[in-house]
Amino acid sequence: MPRNAWKPSLKDRLVFALDVDDLEEARQWIDALRGEVGTFKVGLQLFTRIGPEGVRGLMNSDLQIFLDLKLHDIPHTVAQASRGIAALGARMFTVHTLGGTDMLAACAEAIAEEAGRLGLPRPLILGVTLLTSLDEAAARALGFNRKIRDQTLRLAALARQAGLDGVVASSQEVESIKKACGSEFLAVVPGIRPTEAGEKADDQKRTGTPLEAVERGADFLVVGRPLRQSSHPAQTAREIVEEIRRGWQHRSTGTL
């Protein structure tokens, strides 16, 4: 299936991070937010507890699952894991761009082959650049000599060349990524903190508001703790979707 066969709605562009410990709690959050949120992210915390069968149990025709496992291994291993992800029916999934061009290309080839063989929609492949928990000092400690922005752009370019659909990056880098890789190259932005909430950043170092992230070029926003910790999660989600709407309107009219 071509990437553009999916036309995400505004609420699909708000991704709720299901960073919980069991299937029942995940279902409770889906039930609480499904009227306002269209995409739900399953990361390592939940996946290690519920496994592939649990992910299948979350599947529903009116919501999208984003499988955020950040695959990072030798090309053959990642390719085989990608085939399993295609069979799950997830809408999107992640791999680490630091795995290199061969790994990324093997992933892209395997996912297309397996989805085609099974007659299933091809999941969008998103490359994780540098985690939003890293700041400049932490990146230097890991041996990166470039500034985070420059390193992120380099990794995004590798992902695009290898056939990925987009990347995961902070709102601080997304505008540069769009300029370098094109408007069709997807940008998924975590570390989102609602404008009105005055949220603390927690362990996120490179954060942004929903409106500014979308205005800079974000296609999907990942939100976890600000919704889980809200007294009125559904209302908070509605407010975020409204910021997404405003951001898209500004982008389409050029009134930034």
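Data table
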| quantity | calculated |
| --- | --- |
| Too-long pairs where the Cα-Cα distance tops 20 Å, listed order kept, from Lys147/Lys178; Lys147/Lys179; Lys11/Lys70; Lys70/Lys179 | Lys11/Lys70; Lys70/Lys179 |
| Packing-based exposure ordering (other Cβ within 10 Å, fewest first) of Ser82, Ser170, Ser230, Ser183 | Ser183, Ser230, Ser82, Ser170 |
| Helical contribution to [θ] at 222 nm, DSSP H n ≥ 4, -39,500 (n - 2.57), averaged over the chain, rounded to 500 | -14000 deg cm²/dmol |
| Over the chain, relative contact order from alpha-carbon pairs under 8 Å, at least 6 apart, % | 18 percent |
| Qualifying trypsin sites (Lys or Arg not before Pro) in segment 98-181, DSSP loop, other Cβ atoms within 10 Å at most 16 | Arg146, Lys147 |
| Per-residue Cβ neighbour rank within 10 angstrom, fewest leading, Leu131, Leu221, Leu10 | Leu10, Leu131, Leu221 |
| Listed residue (Gly247, Phe93, Val168) projecting farthest to the positive dipole end of the chain, Cβ model | Gly247 |
| Dipole magnitude of the chain about its Cα centre (Cβ charges: Lys, Arg +1; Asp, Glu -1), debye to nearest 20 | 560 debye |
| Segments 12-21, 47-56, 65-74 sorted - mean Cβ within 10 Å per residue, highest first | 12-21, 65-74, 47-56 |
| Binned Cα-Cα distances of the chain, short to long, each 5 Å bin given as a whole percent | 1, 6, 14, 18, 20, 18, 13, 7, 2, 0 |
| Charge dipole (the chain, unit charges on Cβ, about Cα centre) - positive-most of Ser230, Ile192, Gly35 | Ile192 |
| Likely footprinting exposure, Phe40, Phe144, fewest C-beta neighbours within 10 Å first | Phe144, Phe40 |
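FYI, it's all coordinate maths here, none of it is from the lab. Since the structure is predicted, the reported quantities are computational estimates derived from the model, not experimental observations. Cβ sites come from the backbone with ideal geometry, for glycine too, and all protein chains shown count toward neighbours.
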